[in-house]
Structures are given as C-alpha cells and as structure tokens.
1. For every helix of n ≥ 4 consecutive DSSP H residues, a contribution of -39,500 (n - 2.57) applies; sum these over the chain, divide by its total residues, and give [θ] at 222 nm rounded to the nearest 500 deg cm²/dmol.
2. Let me check something: with ligands and nucleic acids excluded, how do Val294, Val161 order by accessible area (1.4 Å probe), largest to smallest?
3. If I compute log10 I(q)/I(0) by the Debye sum over Cα atoms at q = 0.08 Å⁻¹ from the structure I just sent, which labelled value in [x] -0.57; [y] -0.44; [z] -0.38 lines up?
4. Can you compute the modelled spin-label distance between Leu36 and Ala295, with each label point 7 Å from Cα toward Cβ, in nm?
5. Calculate, for Thr225 and Val175, the FRET efficiency according to 1/(1 + (r/R0)^6) with r their C-beta to C-beta distance and R0 25 Å; round to the nearest 0.05.
6. May I ask you to derive the relative contact order of the chain, considering only C-alpha pairs under 8 Å and at least 6 residues apart, and to give it as an integer percent?
7. Which percent of the accessible heavy-atom area of the chain goes to carbon and sulfur, probe 1.4 angstrom?
8. Under a no-solvent Debye model with one identical scatterer per Cα of region 109-148, what's log10 I(q)/I(0) at q = 0.14, 0.21, 0.35 Å⁻¹?
Amino acid sequence: MTWLVVNSLAFLMILGAMRNQFGSFLIVVAFSTYLLVSPLWSEVPAVSLGYGSTLIGVLCVAYLVSIDLSMREVLQMFARVTIALSLIGLILYALRVDQAIYVDAANRANVLGGAPFKGLFPHKIVAGFYAVTGMVALLATRRHSVGRVVGLGILLLVILVTSSSTALVLLPVAVTIFILTRRALARGTRTRSWLASLLVTAALGGLLMWWSWTDVLDFLGRDVTLTGRTILWNWGIEVWAQRPILGWGYGAYFATPEAAAFAQTIPEFRSWDVPHFHQTYIQTAADFGLVGLVALVVLLGKVLARAYSQSRANGIDVAAGTFTITLVAAAAGFVMYLIPSYAYSGAVTLFLFVALFSSRAIRRQELTNNDLTTSSGPTR
C-alpha cells in the first residue's frame, strides 16, 4: 500500500513534467504497464506485483532525475554517496560492529588478514562493485585534488578489505576502460568502431580466461564452481527453459515451493536460503523470459552507444565515466544479480535509466538545433 501511494505521487509529478521529455515518458509508461500486467502470468502474482511496483518507482525517479540533473551531477552524486556509505561502513568495521563484517561461509580472510568487510552494503561483492564504479565516477568528475585522492583511497581500501574477487578483477579493467575510452573520444574514434574493438577484446579475453581458468581460480582462492555459482546458473537455465518466452514472473520463482524443494536436493544449499541465481542475465530470463532478456540487452546497448556518442554535450570525462560504469555493470552481471535486482538496491537500474533518459533529451536538443540551423538557411 505504501509503494502504491508513493508511486502514485511520483507518477503525478511525472505528468507535470511530461512535456520536457515526452519520449522518455512513453518509455516509463510502457515498462510500467508491462510490470503491472505481467503478474497475470506470474507463478506468484502478489510477489511480482510488489517487486514490479518498486521497479516502477525506480523508473519514475530516473525520469525526474534526468530532468533536473545533468550526467555530470549524477556521477558526482553517485561518487559522493558511495564514498559516504563506504566511510561510515569502514568506521563501523574498525569498531567491530557486526553489521559491517561479512560472515564468510568458508572462513576466508581478506587480503589484509582480517575478516571480510561489507559495511552498510548487503554483501561484500556489492560493496566491492560500488567501490569500483564509485572510483570511476570520481575520476570522471573531479580534477586532481586532495579530495579526489582521499576519496579514491577510501574506495580502494573498501576493495581490499572486502577482498571480493569480482571487485579485484573489475578494478584494473574499469580503470583501463575509462582511460582508453577517454583517449578514443579525444581521437574522434567512432562509436561503432570503439564498441567493435571492445567486443573483439572481450572475446579474446574470454578465450584467454578459459585457457587459464584453473590458474585464475587458484590465484583468487576460488573453487571451480565459483562458490556454488555455476550450480545456480545451470539451475537457472533449466528454470528459464520451462517458461522461455514470458518467464515465471518478477521474483516469483524463488517464492514457489518448487524452488525451496529443489534447493534441498543440492548439498551446497541445504543450509542456505537461495534468493536468486546470482547472475543478471539468467535471473532476468527466468523472471521475464526472452522478452525481458532482449529488453535488458537493448537497454545496455543503447546506454553504451549514446553515452559514447554524446561526449560533445557531456564532456569527454563524463561520457567516458558513464560508458565505463555501464560496461562494468554489464560485465559484473555475469557473476552478480544487478539489473533489475529485487534482492539489492535499484541503484544500477536507476543509473542506467537516468543515462538513457538524459541521452534522449540531449539527442532531442541536437535535432532541434539542427532543424533551427537548417530552417534559418546560410548566413550572408
């Protein structure tokens, strides 16, 4: 009931601002309509409607944010919030507050020899992910200063004390992509050329990873199942195959007796309440079917392409930062459930839709300017 009231108020605010970005408004309406209708074929309609209403709220907020804030301001806010949450979490961690300490089932210490950190985040992998993306946002919006060095130091410390393998791998990848994207933008490399080069690099990197998979896992201290993730992924693919087109409904499968019963047949999960498949694309396919999976891939592709192509309006640093955070989220989605996550916060989903709506506003303004230039004719 609370979410219904909040979302209704947000929607009324959107109606008042609709004239600013009508195309984005239609996107909000289309996604919202689907989320409200999809419980009709959900296995657990009440669960899907509850999670769906939350996601509708995220879409509404993204629309309003895209009207009032530029992408530079969004990245600045992203960096500041991440640093603030990280700093508070580190203080609580230093005070040995239980909330800030991650209980590792395998009793593994972090790289500094202490207990793993999660701070105010729901999981250490989530803390590590936001620390990496927060660093990118900080690099994209703040020039060389003491504040920038301190902020980067705080986020780097978070990555070390979480010792999340995902964060340790993403950190050098994210920084490298940010630097190379800035250079590509400065040189005027076209969007398709840059995306194609990254795709080829990713394919080669994937082959190299496959070839040295065992050595990489040994270095990261992980088993061949990635702490049970590969088992979850196989399970998720089987679940998707049962309802391939529309899926089970948003968040519905793990609310069914079938999910709980099947989890008990897997020794690794008998003492653990499995909340999702720990993979963005498999979970999206299980929840929304092929329809949702295609929509997710299109969303990521649109944001990547437009973030890169609109560097003139946003500036090279902001464009590279938006591009890198989106690409890092897309990559992390192969080992994390991020978009549109019902288990964690909707921050990544919010960021992607803000970037999409902001890019549409910029594109509309560019088209308007071109029309004005054409209609005015050549100057004498």
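The values are calculated or read from the model by the stated rules, or taken from the named source; none is laboratory data. Model, not experiment: these values are computed from the prediction. Methodologically, a virtual Cβ is constructed for each residue, glycine included, from the backbone with ideal geometry; neighbour enumeration extends over all protein chains shown. Heavy atoms of the whole protein, side chains included, go into the accessibility calculation; ligands, DNA and RNA do not. Shrake-Rupley method; radii C 1.70, N 1.55, O 1.52, S 1.80 Å.
1. Working: 15 runs with 269 residues, N = 380.
Using -39500 (n - 2.57) per qualifying helix, the result is -24000 deg cm²/dmol.
2. Ranking Val294, Val161 by accessible area, largest first, yields Val294, Val161.
3. Recomputing log10 I(q)/I(0) by the Debye sum over Cα atoms at q = 0.08 Å⁻¹ here gives the entry labelled [y].
4. Going by the 7 Å Cα→Cβ label model, 1.4 nm.
5. So the FRET efficiency works out to roughly 0.30.
6. It rounds to 21 percent for the chain.
7. 67
8. -0.44, -0.75, -1.07
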